[in-house]
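*Asks:* First, the structure itself, so that you have it in front of you.
Please treat every number below as a calculation from the coordinates, not as lab data. All of these numbers come straight from a predicted model, not from anything done at the bench. We place every Cβ from the backbone using ideal geometry, glycine too, and count neighbours over all the protein chains shown.
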Amino acid sequence: DQQVKQNSPSLSVQEGRISILNCDYTNSMFDYFLWYKKYPAEGPTFLISISSIKDKNEDGRFTVFLNKSAKHLSLHIVPSQPGDSAVYFCAANSNSGYALNFGKGTSLLVTP
Amino acid sequence: DAGITQSPRHKVTETGTPVTLRCHQTENHRYMYWYRQDPGHGLRLIHYSYGVKDTDKGEVSDGYSVSRSKTEDFLLTLESATSSQTSVYFCAIMGPHNEQFFGPGTRLTVL
């Protein structure tokens, strides 16, 4: 049973515009959420995380928003650049667990 | 760079043969993980380790075993490889803030 869901397999955005990637989760015990970026033939790269005690975390062009009541988080990339084209994975875990639960990923294409 | 290497990076083997993948880390991290990535499934946890000789099963552990005799090395073994184990395998370590950092991956093809 998929506890972390990324319902959009792909997203295409123009360079300079905002990219919004969405993620939903079902397990109310999750209290730590992460986004990873993955290029082909490479391992996933940690991007940004957020704890459940916050509703927003920002790092440069990347901002993650958490809506606990809706069990929803989103990653905003502003402005989008062609080098952001990659697969983005949402992940979550709980304080009592050691493993990350991953979504299936969203493939982002940023066009010039 | 979390100092994680995986070997081999690519391997082609035949059904029924044993295969061992190695993950090596240089920064003395306690927790190590093995995931597999398949189209339409994201990354799924196979096994993880929370110390030398301390391991536990993940979501998709059937057909896999692991060993950790030294802090720096975490081995994943397929005792008798099957075509369903064709996948990309990633090793990871847990960082200081519970984030995980991944190695470059091993692409395994079982014919």
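*Asks:* Going through region A:1-21 one residue at a time, which ones are more than 18 Å from A:W35 (Cα to Cα) and of a type outside the set (G, A, S)?
*Replies:* A:D1, A:V13, A:Q14, A:E15, A:R17, listed by residue number.
*Asks:* Do you know which residues across region B:74-104 are within 14 Å of chain A (Cβ to nearest Cβ), of a type outside the set (S, T, N, Q) and in a loop (DSSP other than H, G, I, E, B)?
*Replies:* Answer for region B:74-104, where residues must be within 14 Å of chain A (Cβ to nearest Cβ), of a type outside the set (S, T, N, Q) and in a loop (DSSP other than H, G, I, E, B): B:G95, B:P96, B:H97, B:E99, B:G103, B:P104.
*Asks:* Out of region A:98-112, which residues are over 16 Å from A:L47 (Cβ atoms) and either in contact (Cβ under 8 Å) with a residue 60 or more places away in the chain or loosely packed, with under 14 Cβ neighbours inside 10 Å (or both)?
*Replies:* Passing the criteria: A:N101, A:K104, A:L109, A:T111, A:P112.
*Asks:* Determine, yes or no, whether A:P44 is surrounded by fewer than 17 Cβ atoms within 10 Å (Cβ to Cβ) and either of a type in the set (D, E, K, R) or within 12 Å of chain B (Cβ to nearest Cβ) (or both).
*Replies:* no
One line per residue, one yes/no per condition, for (1) in contact with a strand residue (DSSP E or B) (Cβ under 7 Å, 6 or more places away or on another chain); (2) more than 14 Å from chain B (Cβ to nearest Cβ); (3) surrounded by 14 or more Cβ atoms within 10 Å (Cβ to Cβ):
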{"residue": "A:T26", "(1), (2), (3)": "no, yes, no"}
{"residue": "A:Y36", "(1), (2), (3)": "yes, no, yes"}
{"residue": "A:Y39", "(1), (2), (3)": "yes, no, no"}
{"residue": "A:K54", "(1), (2), (3)": "yes, no, no"}
{"residue": "A:T63", "(1), (2), (3)": "yes, yes, yes"}
{"residue": "A:L73", "(1), (2), (3)": "yes, yes, yes"}
{"residue": "A:P82", "(1), (2), (3)": "yes, yes, no"}
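*Asks:* What do you reckon, is B:Y35 closer than 27 Å to A:S107 by Cβ, within 14 Å of chain A (Cβ to nearest Cβ), surrounded by 18 or more Cβ atoms within 10 Å (Cβ to Cβ) and hydroxyl-bearing (S, T, Y)?
*Replies:* Against the criterion (closer than 27 Å to A:S107 by Cβ, within 14 Å of chain A (Cβ to nearest Cβ), surrounded by 18 or more Cβ atoms within 10 Å (Cβ to Cβ) and hydroxyl-bearing (S, T, Y)), B:Y35 qualifies.
*Asks:* Moving on to the next point. Does region A:13-35 include one or more residues that are over 15 Å from the mean Cα position of the chain (by Cα), under 18 Å from B:G42 (Cα atoms) and free of Cβ contacts under 8 Å to residues at least 12 places away in the same chain?
*Replies:* no
*Asks:* Oh, and also: Tell me the strands (runs of 3 or more DSSP E) entirely within region A:6-112 that contain at least 2 residues that are of a type in the set (D, E, K, R) and more than 27 Å from B:Q6 (Cβ to Cβ).
*Replies:* By residue number, A:56-59.
*Asks:* Which pairs turn up if I take residues in region B:40-53 that are within 7 Å of chain A (Cβ to nearest Cβ) and over 19 Å from A:Q2 (Cβ atoms) and look for partners that are buried (at least 23 other Cβ atoms within 10 Å of the Cβ) and of a type in the set (S, T, Y) with beta carbon separation below 8 Å, at least 6 apart in sequence or on another chain?
*Replies:* B:Y48/B:Y33
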